[in-house]
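Throughout, read-outs are computed from the coordinates displayed, never taken from laboratory work. The model shown is predicted, which means the values in this text are computed figures rather than measured ones. Backbone-built Cβ (ideal geometry, glycine too); neighbour counts: all protein chains shown.
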Amino acid sequence: MADLLGMDPARIGRLRSPERLEYFDPAKIWPVLAPAPDCTLVDIGAGVGFLTLPFAKAYPGAKVYGCDILEGMVGLLAADAAAQGLDNLQALLMRPNAVPLPDGCADLIVMAQLHHELDEPEALMVECRRLAAPGGTVAVVDWTDADN
């Protein structure tokens, strides 16, 4: 098992739980976003790959980058991608608001269930703009706070 670097095993279990599909099914966002089969996807805040792994499997001609600030999460994602034989998926350790990829490389950037946790959402959106290819799409998939 990969080093969790302080990650709570119960949280990882929740992140990997099939019960998450009841309120967030990654397969439902692909028809809306209509990615090209050979696109480059950057998943920011990929965590254990709840979104990244099924995308890489469904789009074997795509380049897929799963990015996270936690080394333990990146290790888990890389291990799961290797175990599933997903050679089109690369797990990357990022810094807050800084993804180690070149300008204009991404056709599709996804942040799923992350935006509400950000301290500086504007800074990360600037980074997304840097990463996005001309005509690229940035998709923020998150919930709203019902109390606000």
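Each residue of the range 99-110 is assigned a 3J(HN,Hα), and the resulting list reads 9, x, 9, x, 4, x, 8, 9, 7, 9, 10, 10 Hz, derived from the Karplus form 6.51 cos²θ - 1.76 cosθ + 1.60 (θ = phi - 60°), x at Gly and Pro.
Just check the range 47-105 against the gyration tensor rule for me: Cα atoms, a ≥ b ≥ c as the square roots of the eigenvalues, rounded for a/c under 1.5, and otherwise prolate or oblate depending on whether a/b exceeds b/c. Judged from the Cα gyration tensor, the range 47-105 comes out oblate (a/c at least 1.5, b/c at or above a/b). If the chain linking Gln84 and Ala98 were pulled fully straight, counting 0.36 nm for each residue of separation and taking away their Cα-Cα distance, it would gain 2.3 nm. Placing a label point 7 Å from the Cα of Ala133 along the Cα-to-Cβ direction, the residues of the range 46-63 whose backbone N falls under 11 Å of that point are 62-63. Using the Karplus relation 6.51 cos²θ - 1.76 cosθ + 1.60 with θ = phi - 60°, the per-residue 3J(HN,Hα) values for the range 62-75 come to 8, 9, 10, 10, x, 10, 8, 8, 9, 4, x, 5, 4, x Hz, with x marking Gly and Pro. For the range 17-75, state which trypsin sites (Lys or Arg not before Pro) are in a DSSP loop and have at most 11 other beta carbons lying within 10 Å of their beta carbon. Of the trypsin sites (Lys or Arg not before Pro), not one in the loops of the range 17-75 has a Cβ with at most 11 other Cβ atoms within 10 Å.
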